1. Quick one: which residues, 5 or more positions from V60 or on another chain, have an amide H under 5 Å from its amide H? H modelled 1.01 Å from N in the peptide plane, none for Pro or chain starts.
2. Rank G59, Y105, V116 by how far each Cα sits towards the positive end of the charge dipole of region 34-158 (+1 on Lys, Arg Cβ; -1 on Asp, Glu Cβ) and give me just the farthest.
3. Given H placed 1.01 Å from N in the peptide plane, which residues other than close sequence neighbours of A239 have an amide H under 5 Å from its amide H?
4. Suppose accessible area is computed on protein heavy atoms with a 1.4 Å probe; arrange H150, H103 from highest to lowest.
5. For a test of the definition: using alpha carbon positions, the gyration tensor, and the 1.5 limit on a/c, classify region 243-329 as rounded, prolate or oblate.
6. For region 83-90, in order, what is each residue's ³J(HN,Hα) by Karplus, 6.51 cos²θ - 1.76 cosθ + 1.60 with θ = phi - 60°, in whole Hz (x at glycine and Pro)?
Amino acid sequence: MDSLLDTPHATATGWRFELLNGFQRDFPLDARPYRVIAERLGLDEACVLDTLDEWQREGVVSRVGAVFRPNTVGRSTLAALAVPPERLQAVAAQVSAWPQVNHNYEREHGYNLWFVVAANSQRELNTTLRHIREQTGLTPLSLPLVRDYHIDLGFDLRHGRAPRAAMPRIQIDPTPLQRLLLAELHKGLPLVQTPYRHLAFATGQSEAFILGQLDAWQRMGVIRRMGLVLRHRELGYTANAMAVWDVPDEQVDEVGARLSTQPGVTLCYRRRRSLPDWRYNLFCMVHGQDRERVSGLIDELSRRLGLGEHAHAVLFSRQRFKQCGARYG
């Protein structure tokens, strides 16, 4: 996996790289978090805020804030549509317009439009998929998560992978006050000296309540990580592929656990099949700067883990239509 050390954002100065790479997780739960970051990097608070603002305007950083573990505060699914090429732009715009859709990509496959739907309930999720079907005249595949082996703990720009950490399975039913906070967190933390005070004002709560709730959600595993959420394409990772295999159900958890630890694998999870249209149940993402190397790495992973005997497909990303945080609350 190529490193991003040769990209402008990684090489401008050492502290800029450390800010970009080192604060994708463990974001300070402090009244002045940006000052805490500045002190750790030997900077001043204004420099950190100005740099993050610059990166957000450039699209390098999508937002600063919480990434929630799937299906802990609501329901989500990965969905796909087989869109005639001449309709792709129009249908992608229709799908992206739904607030429940937080990621939307074109991929190289007959099912060429892939998006994530996140909703407060299974009923809302099903309703969103039904409306998309009615609006587009196309029937979405819905591939709910069965088990996550490695999902979104950040992205190490030195090695193209993130640390892995076991987390308990949990689902909560948010209170009305918690839903107010969830709705604000969707926007990301504001780039101001006291962002948690801003959240407190917006939700009618105390700053202590906000900090305590975020800490509790992190310890429970509801929040997967707090920190910078990066956009890979703007950082030079343009050869990104989703690799999928059809692994017997009695073997998939063992294989998935092994696959998730392999170098270059940035996401890995099991999803429910949608027969007869979609037979694959094991998914992984590989992000890279060079298509040939990404293809070679996927082939090597397949050989190393004995996946060659299973039906598989590799879906390279083409266009990104939407990327934002899941919207709950």
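1. For V60, no residues qualify.
2. It is V116, whose Cα lies furthest towards the positive end.
3. Those lying under 5 Å, H to H, from A239 are G288, Q289, D290.
4. Details: H150 5, H103 60 Å².
Listed by decreasing accessible area, they come as H103, H150.
5. Values: a/c = 1.60, a/b = 1.15, b/c = 1.39.
It is oblate, given that a/c is not under 1.5 and a/b is not larger than b/c.
6. These are the phi-based 3J(HN,Hα) values: 9, x, x, 6, 9, 4, 4, 5 Hz.
The values are calculated or read from the model by the stated rules, or taken from the named source; none is laboratory data. Everything numeric here is computed off the predicted structure, so don't read it as measured data. Here the Cβ is made from the backbone with ideal geometry for all residues, glycine too, and neighbour counts use every protein chain on show. Surface accessibility is based on the protein's heavy atoms, side chains included, excluding ligands, DNA and RNA. Shrake-Rupley method; radii C 1.70, N 1.55, O 1.52, S 1.80 Å.
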